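Here is the structure we will look at.
The values are calculated or read from the model by the stated rules, or taken from the named source; none is laboratory data. Keep in mind that this is a model prediction, so the values were computed, not measured. In this analysis, Cβ positions are derived from the backbone assuming ideal geometry, glycine residues included, and neighbour counts consider all displayed protein chains.
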There are 2 protein chains.
Amino acid sequence: MPELSFTQQMLPAVELEMQHVLDLSQGDHLDEFHMMMAYHMGWKGEGAGPKATGKRIRPLLVLLTCAAAGEDWHCALPAGAAVELLHNFSLIHDDIEDNSPLRRGRPTVWTRWGIPQAINAGDAMLTLAHLALHRLQETAGVSTAFEASNILQKTCLELTKGQYLDISYETRQELDMLEYWPMVSGKTAALIAACTELGALVSGCTASSREAYRDFGYYLGLAFQALDDLLGIWGDSTHTGKSAESDLVSGKKSLPVLYGLMSEGEFSKRWRQGPVGIDEVEGLAHQLEIEGARDYTQETASCMTDSALKALQQAQPSGEAGQELTDLANKLLNRKI
Amino acid sequence: MPELSFTQQMLPAVELEMQHVLDLSQGDHLDEFHMMMAYHMGWKGEGAGPKATGKRIRPLLVLLTCAAAGEDWHCALPAGAAVELLHNFSLIHDDIEDNSPLRRGRPTVWTRWGIPQAINAGDAMLTLAHLALHRLQETAGVSTAFEASNILQKTCLELTKGQYLDISYETRQELDMLEYWPMVSGKTAALIAACTELGALVSGCTASSREAYRDFGYYLGLAFQALDDLLGIWGDSTHTGKSAESDLVSGKKSLPVLYGLMSEGEFSKRWRQGPVGIDEVEGLAHQLEIEGARDYTQETASCMTDSALKALQQAQPSGEAGQELTDLANKLLNRKI
């Protein structure tokens, strides 16, 4: 039997750890309460299975960082479970806030159980994320557990700041490109930075190494978002094939759109006239490209990617886990345009 | 100048501590984000002032317990701020879940800023509650701070369990009286129990004393809720005067109502026919009284009150703070019928 890679070993261990924590929500008359969260995690209900769980990238980043920094990754399992539960809390609430009926092809929690229960289920999942992290006390001691808890709470606050900006931008016609970064920093990069920082913290590596791992996560998050914005307009599935899924149709204020607005050219004129139809997507994406938004976004993503990989190099990840961490980053940063 | 009582000294200190923590939500472009929370706390916006802040009973319980157990109450300020912020997080989300337009006479956060921003402001306030508690590290050391954090997270989970039950009861016609206690235990008593337990924890008193303080808070919470249910039907303002505010009109499944449903008499027949009109309130309250629901609720409240005061006695609160703690409990338990 060929030996399993780190990633292959980690994924089932994280699921088990999260399921164990979710059991805290059980009790008399609480079957449905537990069910809402197990459903959202992709474990129960119609459509449950690998497609419904998501890729669990965040816990992998925690555990691979811990191992690459020289510690047994099992010690960081509580942190891995915590970041994934936190991510899923934010998805439950985001889906209500964005009025999204579907998540990974399944009805969202609020469409199945109503908004009041969905708000409460999100609150419970957020609490379980922190309780999951507290289990670090057993694997890493009370001081490390407390420091980790501080990191995660501060990350949560960044998340809510980013989310506030995102919601408030929806109703604003004009937006400065400078306002893009605080939002993305809070909504995406803060949690990815917390993943690599927590992995490093548990490993007990030096402060400078921990900072390098944190920077790696932070820039990885920013690069990931810039690429996501690029794919949202010029990706295979959004450009010619499925125009309905284009960010131009949903009206998302992504980086290329903000660049186009700033340029004050043909694109901005059309954008300001109101919602973009599916039949306009190809032409408008082309116009945006002519005005330089595609190159600009690509360059920005490359620049962030370079910063991420430089920070990772500085952290000096070691061994097989170090290689898998580098591979994971490259995979995330080389998604197909 | 006459010396200020403990309570008089504590109240402004708690406000200051909470305001300090709320400042963590400030930053570029975040004025409105900070404002939503400061508004809810009663500090800013139209109608701000003492009437809008609430009574801050929970932090008083924390601080008086800490002092009555022999420690300088200033050490427990982070815990006092935390429980009040946590309470207010739950109010922001409850108001959305219950579709309540007003809170303490002012528009609720969701009516002023919309549901998406209100959900997010609640998430932020919950996070600030935990960050407030982390400041215990400075006044009580890292082990105590971590233990306190564990207590508060578990309390949060109880809150969401109670809230789940409460929301799910709304759509259920039949309800067993036994289902009342888990809901009230989660929604009300768990946080009051955490208040007195946290105060005792910070004081460093014995484990048995801490347990007694916790029991005191728990039964105080249950007694408080039973009394609240009594006042919701036979209170001065609900019985004859302002029938519109009666729990019979809102349809709340309170303890007397559940007792009446169990009795299967005239009350239950009428209740099952649908919403109660304002003109029916007096007659229906009288019917419920004849069937024994008032006596039962009163006896239940008295029983819980006895348990609370017995636990407090067992905890042996000392000095002036001990007296004020006893006075506060008596004040809460002797609200006018």
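From the list B:Gly221, B:Gly235, B:Gly199, which one is in contact (Cβ under 8 Å) with a residue 12 or more places away in the chain and within 15 Å of the chain's Cα centre (by Cα)?
Working: B:Gly235 fails: within 15 Å of the chain's Cα centre (by Cα); B:Gly199 fails: within 15 Å of the chain's Cα centre (by Cα).
It is B:Gly221.
Does A:Ala121 count as closer than 30 Å to A:Gln323 by Cα, at pLDDT 95 or above and either among the aliphatic types (A, V, I, L, M) or assigned by TED's automatic domain parsing to the domain that holds A:Thr155 (or both)?
Values: closer than 30 Å to A:Gln323 by Cα: no; at pLDDT 95 or above: yes; either among the aliphatic types (A, V, I, L, M) or assigned by TED's automatic domain parsing to the domain that holds A:Thr155 (or both): yes.
Answer is no for this residue.
Could you check segment A:112-125 and list, in sequence order, the residues that are more than 7 Å from every other protein chain (Cβ to nearest Cβ) and either part of a loop (DSSP other than H, G, I, E, B) or crowded, with 24+ Cβ neighbours inside 10 Å (or both)?
Restricting attention to segment A:112-125, the residues satisfying the condition of being more than 7 Å from every other protein chain (Cβ to nearest Cβ) are A:112-115, A:118, A:121-122, A:125.
Those that are more than 7 Å from every other protein chain (Cβ to nearest Cβ) and either part of a loop (DSSP other than H, G, I, E, B) or crowded, with 24+ Cβ neighbours inside 10 Å (or both): A:Gly114, A:Ala121, A:Gly122, A:Met125.
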Legend entry - Inter-residue pairs, beta-carbon under 8 Å, first under 16 Å from A:Met125 (Cα atoms) and facing another protein chain (nearest Cβ under 7 Å) and in segment B:140-160, second of a type in the set (Val, Ile, Thr) and in a helix (DSSP H, G or I), 6+ apart: B:Gln153/A:Thr127; B:Cys156/A:Thr127; B:Leu157/A:Thr127; B:Thr160/A:Thr127
Legend entry - Among (1) hydrophobic (A, V, I, L, M, F, W, C); (2) over 20 Å from the mean Cα position of the chain (by Cα); (3) in a helix (DSSP H, G or I) - the single one B:Leu4 does not satisfy: (3)
Legend entry - Single unsatisfied condition, B:Met177 versus (1) closer than 22 Å to A:Asp28 by Cα; (2) more than 9 Å from chain A (Cβ to nearest Cβ); (3) at pLDDT 95 or above: (3)
Legend entry - Close pairs from segment A:77-97: first under 14 Å from A:Ile115 (Cα atoms), partner of a type in the set (Phe, Trp, Tyr) and in a helix (DSSP H, G or I), Cβ under 9 Å, at least 6 apart: A:Ile92/A:Trp110; A:Asp95/A:Trp110; A:Ile96/A:Trp110
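Would you say A:Ser168 is more than 30 Å from A:Trp73 (Cβ to Cβ) and either part of a helix (DSSP H, G or I) or out of contact with any Gly (no Cβ under 6 Å at 6 or more places or on another chain) (or both)?
Details: more than 30 Å from A:Trp73 (Cβ to Cβ): yes; either part of a helix (DSSP H, G or I) or out of contact with any Gly (no Cβ under 6 Å at 6 or more places or on another chain) (or both): yes.
It is true that A:Ser168 is more than 30 Å from A:Trp73 (Cβ to Cβ) and either part of a helix (DSSP H, G or I) or out of contact with any Gly (no Cβ under 6 Å at 6 or more places or on another chain) (or both).
If I go through segment B:47-72 residue by residue, how many of them are touching a residue at least 60 places away in the same chain (Cβ under 8 Å) and either aromatic (Phe, Trp, Tyr) or at positive phi (or both)?
As a first pass, look at segment B:47-72 and keep what is touching a residue at least 60 places away in the same chain (Cβ under 8 Å): B:57-71.
Pick out the ones that are also either aromatic (Phe, Trp, Tyr) or at positive phi (or both) and you get B:70.
Summing the residues that are touching a residue at least 60 places away in the same chain (Cβ under 8 Å) and either aromatic (Phe, Trp, Tyr) or at positive phi (or both) in segment B:47-72 gives 1.
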Legend entry - Every residue from segment A:109-123 that is out of contact with any helix residue (DSSP H, G or I) (no Cβ under 6 Å at 6 or more places or on another chain) and more than 14 Å from B:Asn99 (Cβ to Cβ): A:Thr111, A:Arg112
Inset, instruction - Find the residue count for segment A:215-240, including only residues that are at pLDDT below 90 and touching a helix residue (DSSP H, G or I) at 6+ places or on another chain (Cβ under 7 Å). - result: 4
Inset, instruction - Write out, first by first residue and then by second, each pair whose Cβ atoms fall under 9 Å of each other, whose residues are 6+ apart or on separate chains, and whose first residue, in segment A:307-321, is surrounded by fewer than 17 Cβ atoms within 10 Å (Cβ to Cβ) while the second is not in a helix (DSSP H, G or I). - result: A:Gln316/A:Ala69; A:Ser318/A:Ala69; A:Ser318/A:Gly70; A:Gly319/A:Gly70; A:Glu320/A:Ser5
Legend entry - Only listed residue being over 26 Å from B:Pro116 (Cα atoms), among the polar types (S, T, N, Q) and assigned to a helix (DSSP H, G or I), chosen from A:Thr144, A:Thr155: A:Thr144
Inset, instruction - Residues being of a type in the set (S, T, N, Q) and either assigned to a helix (DSSP H, G or I) or outside the structural domain of B:Met10 (by TED's automatic domain parsing) (or both): count how many of those fall in segment B:61-100. - result: 3
Inset, instruction - Consider A:Leu136 carefully, then state whether it is at the interface with chain B (Cβ under 9 Å from one of its Cβ atoms) and among the hydrophobic types (A, V, I, L, M, F, W, C). - result: no
Legend entry - Index of the failed condition, A:Ala67 passing every other in (1) surrounded by 24 or more Cβ atoms within 10 Å (Cβ to Cβ); (2) more than 14 Å from chain B (Cβ to nearest Cβ); (3) of a type in the set (A, V, I, L, M, F, W, C); (4) within 28 Å of B:Glu97 (Cα to Cα): (4)
